[in-house]
Amino acid sequence: MKKNILATCGLLFCTTLLHAQTTQEVRIDFENQDYKSVGVYDSWQKSPFRSQNKQAPVLKGNVQVVSNIDKNHDEILKMIPNASEKVLGFQRSRFGSNTFGARIDLKQPFALTKETKYVHVMIHKPKAGRTMLIGLGKRTDRAGQSAETEQFWELSTREIEPNKWVDAVFPVKGAGGIEIHSLVVVVDCEDTNGMTDDFLAYIDNIEVNNEAFTTTNREDYPMNYNKDQKCTRTDRGLKGISLGDQSFNVYGDITTSTPAYTYLSKQAFLAKPGETLSPAVQYKGIWMHSYVYLDLNNNGRFEPKVKDGQIVPNAGNELLTYSFLSSSDENSGFNSAGTEISGNGRNTLVMPEFTLPDNLQHGFYRMRYKVDWNSADAGGCIDNNNNIINNGGGAIDVRLNVHGDNVKINQGALNGKVVAEDGTELNDISIPFGKPYTVKMKPEHGFNFSGLKVRHGYNLNGDSLSHGTYQYVDELIPRERFNADGTFTLPAEMVDGDVSLEGIFIDAKTALTYEVYFNNEFVHSTVVNGAKIGAVTIPESLNRDFVELTADKQTITELPATVRVNAVWTAPMKVVNPTDTTWYSLKVSSQERWVSSRTYTPNVYFATSLDENDDAMLWALTGNPYGGFHLINKAMGPKQVLASPSPKGSANAGGNTYATLQPVDNLPAGYTSDWTITISPNDDNGFYICNPEGFGLNYRSDYNLAYWTGGKDGGSTFVPKMVSTTGINSLTLQRNTDTTYDLSGKMVSKNHKGLVIRGGKKLLVK
């Protein structure tokens with residue numbers, strides 16, 4: 001109990017310090033008329049709460065100042081969160097959209113600036129979930145702009161706990177020169193399709209200031225130290241975690257910039273109910289202990305049940321395994337299996353296996369790996385003589401996906417269906433968990449499809465977050481990612497739970513297709529739905545750095561129609577074509593360093609001087625700006641391409657992730673060889689070489705071609721110099737006439753059915 005009291009006091013002290021520096025711009029507490037007016041607002045244009053065709057709204061909406069319904073003492077906060085007499089009562093109507101909220105018009109507007117401000121709103125509502133704040137106002141440099149213009153939409157930094165006063169915090173900023181005249185508090189911004197009843201919510205104490213800290217910090221899965229805390233020593237630190245053969249290597253090394261707490265919010269280990277599991281930590285250092293927790297009841301807390309160094313049986317214990325724990329005499333204790341440990345045996349991070357309850361429901365659970373010294377406290381020991389930070393400890397949270405052998409998949413849409421590849425209707429049918437699954441779009445007559453909405457995970461009709469833990473994810477698959485026959489294969493990572501599909505079908509009569517040709521070869525297409533006849537405007541989505549686009553026609557006189565777009569490459573490094581290869585040296589803009597493959601293969605290093613007669617220092621660019629570029633080395637030949645895994649790791653170094661030369665037809669798992677060439681502001685004659693995530697290759701002080709994930713500058717700028725131009729017969733093998741693409745530009749097999757591109761021509765393969 002002493003630790004908790006100390007932690008609470010520390011938080012209160014921090015709160016006092018923070019608020020002492022607060023600059024307040026707006027304060028509305030509803031005790032007096034400190035606002036201009038109140039009402040309701042819905043951004044949905046067809047909302048029954050909005051005026052239609054200059055007619056009064058169908059529904060008025062209920063919002064008024066009422067007595068505070070909850071002035072109770074909070075046991076977690078050790079205080080009364082809201083002692084106000086008056087608050088704003090609001091009826092959240094089932095007939096409003098997900099942006100329906102209470103509107104508060106301000107007596108005086110406040111400025112939206114480039115610097116982040118924080119809008120605090122006390123909210124009390126009967127259901128959990130996220131909230132949203134909409135700011136209505138106008139730009140001061142636009143004389144005709146209405147003060148009703150929506151200037152920002154911002155989600156609260158944390159979800160709202162039900163039936164408690166919560167200080168929801170909304171960080172807001174803008175381009176400057178914007179005045180906010182009204183605030184709309186959207187107390188529930190989740191999907192309203194399943195909402196059948198209204199509910200009452202309450203709003204109070206609206207304040208705009210420079211303070212990000214919430215006054216009601218009932219933090220989910222708390223640590224006893226600030227979660228932004230960095231490691232204070234470099235000889236010890238938690239680098240990664242594993243569960244059986246599954247692992248996340250989070251940090252390459254431990255520095256004073258390495259976080260002492262990490263939440264891998266989008267990553268998850270896999271397990272089944274009743275499965276026996278073997279956890280482990282990757283730790284730099286010795287003489288520490290490891291602990292694993294699992295929130296079995298999903299209440300936002302890890303609740304260990306131990307006594308005298310051992311697990312209390314049948315007590316709902318959420319400390320599943322540990323390497324060492326003692327009660328009073330730390331010279332002797334036990335691990336979670338009950339094995340007694342003493343002396344030098346205490347120098348262990350090895351945890352016994354644990355078994356999940358066989359009746360554990362399928363879903364995502366929060367899991368914590370902690371390295372500490374002899375402490376069952378999930379938040380870490382903060383005793384003066386045994387502080388987790390001083391000892392070099394830390395914690396990593398991750399999700400645990402508890403799943404079965406199969407999941408359910410279903411679909412729903414207007415004007416068409418999403419079916420299985422073989423035509424099976426997807427009406428809550430079972431499919432294998434964690435396996436790719438191919439679906440097909442089936443529009444009704446006269447309709448086409450523009451994409452697919454995919455929701456995957458658990459509790460698909462409920463809140464996407466449970467105490468900050470993602471239960472499902474929504475993803476949009478655009479038309480251009482589909483094959484020519486309307487099929488798309490859901491990757492294994494999208495079959496991580498139940499799957500709900502919503503096809504987006506549109507009137508085929510309004511479709512305008514843009515087909516992009518690069519070096520006279522089809523490489524990409526996109527469809528604009530709801531197009532109108534008239535002047536052709538090339539979609540912004542087709543823009544790429546160093547690419548000039550021209551359309552083959554200026555106007556459209558009828559729909560549907562197809563426009564050919566010719567893409568011309570303007571970068572300082574040419575792209576290989578079948579009749580011409582231009583070889584280049586690649587110099588780092590900020591250093592006298594040149595990229596070379598000599599002697600170091602497969603690693604790519606930097607040479608300190610240029611030898612234009614050395615084939616290892618000569619590079620060529622193949623591919624296109626839509627499907628990705630390949631970089632080949634003259635010494636290694638066209639069957640080797642520059643490739644790398646995704647940069648993961650500590651600080652800005654990308655975990656020492658290097659780019660290497662790899663076989664083009666047999667890349668290691670997790671590697672990419674598709675690069676984007678983007679404009680660098682550091683040198684007019686140079687460019688960045690970026691992976692699909694946008695991270696740029698960089699000169700590293702160890703002479704390796706690697707990454708710097710903290711940004712891109714002169715060390716990430718490559719300046720090409722033309723060295724020689726020769727025939728490219730050796731490369732034409734990669735560009736033969738048998739190479740086949742679907743209409744999205746994706747390479748497919750020669751037997752791929754439907755419309756394809758081969759030899760620069762469209763073919764129908766039956």
Inset, instruction - Calculate the spin-label point distance for residue 76 paired with residue 703, positioning each point 7 Å from the Cα along the beta-carbon direction, and give it in nanometres. - result: 5.6 nm
Legend entry - Distance (nanometres) between label positions extended 7 Å along Cα→Cβ at residue 196 and residue 247: 5.0 nm
Legend entry - Long pairs among 239/266; 46/509; 138/712; 230/284; 272/440, criterion Cα-Cα beyond 23 Å: 46/509; 138/712; 272/440
Legend entry - Estimated FRET transfer efficiency when R0 is 22 angstrom, pair residue 114-residue 142 (beta carbons, to 0.05): 0.80
Inset, instruction - Note down the nm distance, to one decimal, between modelled labels 7 Å out along Cα→Cβ at residue 329 and at residue 674. - result: 6.4 nm
Legend entry - Relative contact order, percent, the stretch 23-209 [alpha-carbon distance under 8 Å, six or more residues apart]: 31 percent
Inset, instruction - Read through the labelled values [x] -1.19, -1.42; [y] -1.35, -1.54; [z] -1.08, -1.37 and report the label of the one computed as log10 I(q)/I(0) by the Debye sum over Cα atoms at q = 0.10, 0.12 Å⁻¹ from the structure. - result: [y]
Legend entry - Straight-distance crosslink candidates among aspartates and glutamates, where the alpha carbon sits under 20 Å from residue 107 and sequence neighbours closer than 8 are dropped: 25, 29, 31, 34, 148, 150, 179, 204, 207
Legend entry - Sites matching trypsin sites (Lys or Arg not before Pro) across the stretch 589-642 that sit in DSSP coil, with at most 16 neighbouring C-beta atoms within 10 Å: 598, 639
Legend entry - Backbone HN-Hα couplings from phi across the stretch 104-119 [Karplus 6.51/-1.76/1.60, Hz, Gly and Pro as x]: 10, 7, 7, 5, 10, x, 10, 7, 9, 10, 5, 7, 5, 10, 10, 9
Legend entry - Efficiency of FRET from Cβ geometry, residue 558 and residue 286, R₀ 56 Å, rounded to 0.05: 0.15
Inset, instruction - At a Cα cut-off below 16 Å, give the aspartates and glutamates reachable from residue 435, other chains included and same-chain residues fewer than 8 away excluded. - result: 405, 421, 493, 496, 498
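Using the count of nearby Cβ atoms within 10 Å as a rough guide to exposure, how do 127, 435 rank from fewest to most? Don't skip to the end; give the middle numbers.
Numbers: 127 16, 435 12.
Fewest-to-most ranking of 127, 435: 435, 127.
I'd like the FRET efficiency for residue 173 and residue 435, computed as 1/(1 + (r/R0)^6) with the beta carbon distance as r and R0 of 45 Å, rounded to 0.05. Mind showing how you got there, number by number?
Details: r = 43 Å, r/R0 = 0.96.
In this case the efficiency is close to 0.55.
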Legend entry - Low-density loop positions, trypsin sites (Lys or Arg not before Pro), the stretch 507-560 - DSSP coil, at most 15 other Cβ in 10 Å: 532, 553
Legend entry - Rg in Å to one decimal, and Dmax rounded to a whole Å, for the stretch 376-501 via C-alpha atoms: 20.6, 75
Legend entry - At most 16 other Cβ within 10 Å, DSSP loop - chymotrypsin sites (Phe, Trp or Tyr not before Pro), the stretch 231-291: 287
Inset, instruction - As a check on your grasp of the helix formula, calculate [θ] at 222 nm for the chain: sum -39500 (n - 2.57) over DSSP H runs of n ≥ 4, divide by the residue count, round to the nearest 500. - result: -1000 deg cm²/dmol
Legend entry - Residues in the stretch 179-203 that a label on residue 25 would reach, taking backbone N under 11 Å of a point 7 Å out along Cα→Cβ: 179-181
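Only the coordinates and a few stated rules stand behind these numbers; no lab work does. Model, not experiment: these values are computed from the prediction. Cβ atoms come from the backbone with ideal geometry, glycine included; neighbour counts cover every protein chain shown.
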